[in-house]
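Notes to accompany the following structure.
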Amino acid sequence: MQASLTQRIPTTEPKTSPPPDFKSLEPRERLIVALDVSTAAAAGKMVAAVGDSALTFKVGMQLYTAEGPSVVRDLVASGRRVFLDQKYHDIPNTVAAAVKEAAKLGVSMLTVHAAGSEKMLRAAVEAARESNPKLIVLGVTVLTSMDDSDLDKIGVRGTVLEEVVRLARLALDSGCQGIVASAREVSALRAELGDSFAIVTPGVRLPGGSHGDQARVVTPAEAIAAGASHIVVGRPITEAADPAAEARVILGMIG
């Protein structure tokens, strides 16, 4: 993997650590490319193919389970930013310990389930603050594969939107710098909670593209227009004949 990630990408991060301004990000800072593959070799090939069209890459459960922390170390060493999407959800001490280990790897962003309780969220935030104050902890609200009927089946009353807003408020009140939610809820979140936090939106598809297993999807332009600070794009880029060109198309949509 290391050999595939030797080209360093310059970043725009300042040397000091002022509060992040999520409203003034450039398009390349908003785009997160999901490395939903099962080997470091495939990940390295994809990163090389995307080139400097993206700065941040998501390492999720599949790749992390297959390759472990080395794949994160290699990405960070090559100059890429890593969004570690493990969606931690456990007792506070366990989550705090995991966040500390993630911080040691040099990740820029990571996820915890907002439903894990205020205690768990605060433990995660405090662990990140102690280990790396620049690490962004995001509270996951309602998965984009879920709809109202799915919530009802697990005993959650009310609509997806109501649950997203409730969990987002809990995450922010507990110290998280942002949340993860479908762009379909972003406008309501901004209206209810303001614009001083990150909203990372998965379930982003190009116009006319397949929805796959996602229930609540939008286009890149719709997500940013609604108020999302970042979008996570996987298959439209990773399955394209020319991933870098596809990434540039998306950058044009959100620029």
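Key figures
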read-out	value
Enumeration of residues in the stretch 68-85 that are under 18 Å from Ile179 (Cβ atoms) and in contact with a Leu (Cβ under 7 Å, 6 or more places away or on another chain)	Leu84
Candidates Val156, Val186, Val164, Val200 - the one that is outside any helix (DSSP H, G or I) and either closer than 30 Å to Val249 by Cβ or in contact with a strand residue (DSSP E or B) (Cβ under 7 Å, 6 or more places away or on another chain) (or both)	Val200
Output for the stretch 1-35, where each listed residue is surrounded by fewer than 20 Cβ atoms within 10 Å (Cβ to Cβ), in contact with a strand residue (DSSP E or B) (Cβ under 9 Å, 6 or more places away or on another chain), modelled with pLDDT of 80 or more and in a loop (DSSP other than H, G, I, E, B)	Leu25
Hits in the stretch 141-175 - residues which are touching a helix residue (DSSP H, G or I) at 6+ places or on another chain (Cβ under 6 Å) and within 21 Å of Phe83 (Cβ to Cβ)	Thr141, Val142, Val164, Leu167, Ala168, Ala171, Ser174, Gly175
Subset of the stretch 168-185 [buried (at least 20 other Cβ atoms within 10 Å of the Cβ) and either modelled with pLDDT of 95 or more or over 22 Å from Ser108 (Cα atoms) (or both)]	Ala168, Ala171, Leu172, Ser174, Cys176, Gln177, Gly178, Ile179, Val180, Ala181, Arg184, Glu185
Residues of the stretch 100-132 classified as part of a helix (DSSP H, G or I) and either at positive phi or among the aliphatic types (A, V, I, L, M) (or both), total	12
So Ala97, is it in a helix (DSSP H, G or I), modelled with pLDDT of 95 or more and in contact with a strand residue (DSSP E or B) (Cβ under 9 Å, 6 or more places away or on another chain)	no
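The values are calculated or read from the model by the stated rules, or taken from the named source; none is laboratory data. Model, not experiment: these values are computed from the prediction. Every residue, glycine among them, receives a Cβ derived from its backbone with ideal geometry; neighbour counts consider all protein chains shown.
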